[in-house]
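Report on one structure; see the data block that follows.
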Amino acid sequence: MNSFARIACIFASIGGSASVAAAPQSAPSLKPTGKWLVEFADAMCVASREFGTPAKPMTLVFKPSPFGREMRLMIVRGGISANPVQTRAIVTLENGATMQGAMTTYSPIGKALRIHAIQLKEDNVVALRQSATVIVASRGGVDASFAVPGMARAMLVLDECVANLAEQWGMSREEQKRMKEYPQSLKPLSEYVSDSDYPAKALRDSQSGRTGILLRIDSIGAITDCTVVEASGSAVLDEASCRLLRTRAKFKPATDQDGKPMNSLMVTAINWITG
């Protein structure tokens, strides 16, 4: 087993320390060079805005988990393709609220890009929606302050996109409104997958990537189906993601407004990292 193989689970449901230098508060915020763009796609909803210069462009991206419970913040910029790495990062908002978490930096297969991604929790997303600035600081990753005018409006458009996406996945607007409690894993999803589960072929070929999967969970908490909604670029890693969670993960089912168990969906992502 490659001792440098690492696996991380990040999840969100539809009804988942090292020191870090803070970004200089006095540093001027980067101004956007374009308008907000919101992408309505078959498997994701994404809001993005361009920053930087023509020579050194930078894109700030927000990708919500279904129902906006969590949000994936990404900074995309040019760079030489390299193996994924994880560092600690701090995100600071206009009101002074700060949040710490893991930043995963990786390169999409075949592209000269570096993507720096941080998963924001539900309470962080609430504050983010009203913020006019976002400051990101990390060790060896990225340090930048972004001016984000129009954030609240962009988040409302994302809300509509997420509701549409849930409908496409088989959950009606009525069911979305009826759900009170989302399904909950009986233990952290990361504990269902270990480094020893890294597929041997993927290790030999130095394959890394992020697999996004959609789980259908019935009214007794069992997984009835697993679908890859964000391919990692490796069929081996994508197959392992569904197989491992289908055979191991256990859930407390979602409940409706009357407290009765109901069918639901969960979206989760597994980051497969070698180094």
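Between rounded, prolate and oblate, where does segment 17-167 land on the alpha carbon gyration tensor, with a ≥ b ≥ c its root eigenvalues, rounded for a/c under 1.5, else prolate if a/b exceeds b/c? Note, shape of segment 17-167 comes out rounded.
Inter-part distance, segment 73-149 to segment 217-275, computed on C-alpha centroids, equals 25 Å. Scoring 163-176, 203-216 by mean Cβ neighbours within 10 Å over their residues and listing the highest first yields 203-216, 163-176. With r as the distance between the Cβ atoms of Gln130 and Glu167 and R0 = 35 Å, compute the FRET efficiency 1/(1 + (r/R0)^6) and round to 0.05. For R0 = 35 Å, the calculated efficiency reads 0.80.
The number of Lys pairs in the chain with C-alpha atoms less than 21 Å apart, excluding pairs fewer than 8 positions apart on the same chain, is 19. Calculated [222 nm] ellipticity per residue, helices only, for the chain: -5500 deg cm²/dmol; basis is -39500 (n - 2.57) per DSSP H run with n ≥ 4, divided by all residues, nearest 500. Taken over segment 171-273, the percentage of Cα pairs per 5 Å bin, counting from 0 up to the bin with the maximum distance, is 2, 13, 23, 21, 16, 11, 7, 4, 2, 1, 0. With the convex hull of the Cα atoms taken as the outline of the chain, the averaged projected area works out to 14.5 nm².
Here, each number is a calculation from the coordinates, and none is a lab measurement. In this text, all values refer to a predicted model and were calculated from it rather than measured experimentally. As a convention, Cβ positions derive from the backbone with ideal geometry for all residues, glycine included, and neighbour counts pool all protein chains shown.
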